[in-house]
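Any read-out appearing in this document is the output of simple, stated calculations on the displayed coordinates, not a laboratory observation. Everything numeric in this text was worked out from a predicted model, so none of it was measured. Using ideal geometry, Cβ is built from the backbone for each residue, glycine included, and neighbour counts are taken over all protein chains shown.
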C-alpha cells in the first residue's frame, strides 16, 4: 500500500480541502506561512514545509467563507498537516463554527429549551 501511494503521489498527487465556517474567519498564505483569523484575539501563524502547496479560495454568498486547498505528493504528510490545521479550531457542536474537512458532517446540538 505504501508503494502504491508513492506511485499515485508522484503521478497525480493528493489533495485535501478544509473549510472555514464562521463570521470573520479568514485565511491567507504568504511564503510557506499560513495566517488564520479564527476567532482568537490574535492571528494564528502556521508554518509548513516546501513539500506542501496551500491555496486559499474565498467564496461569497455562502455560509462557508473560505476553502483551504492542501496539495502534496506525500499522503502521510498531507494528512498530518491537514489534521494540525484542523486542530487549531475544531468545529463546535452548537453553531458549527470552526475548521472542518470539506465533506465532514457535524451534528448540531440543540440549545437549552425553556
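Under the simplified labelling scheme, the residue 33-residue 8 pair shows an inter-label distance of 3.5 nm, with each label point 7 Å from Cα along Cα→Cβ. With contacts taken as Cα pairs under 8 Å at a separation of at least 6 residues, the chain carries a relative contact order of 30 percent.
Both numbers refer to the Cα atoms of the range 63-114; Rg and Dmax are 13.9, 53 Å. For helix 75-88, report the angle its Cα long axis makes with the longest principal axis of the Cα atoms of the chain; keep it between 0 and 90° and round to the nearest 10°. For 75-88 against the chain, the angle is about 20 degrees.
Hey, fewest Cβ within 10 Å first, where do 87, 72 land in order? Ordered from fewest to most neighbouring Cβ atoms within 10 Å, 87, 72 come out as 87, 72.
Global size of the chain: 15.6, 58 Å for Rg and Dmax (C-alpha atoms, Rg to one decimal, Dmax whole).
Comparing mean-square fluctuations of 36, 80, 53 from a GNM of the chain with C-alpha springs under 10 Å, the top value falls on 80. You can think of it this way: the chain between residue 26 and residue 43 has 5.2 nm of extra reach, that is 0.36 nm per residue less the Cα-Cα gap. In degrees between 0 and 90, to the nearest 10, how far off the longest principal axis of the chain does helix 2-11 point, with axes built from Cα atoms? Roughly 90 degrees, rounded to the nearest 10.
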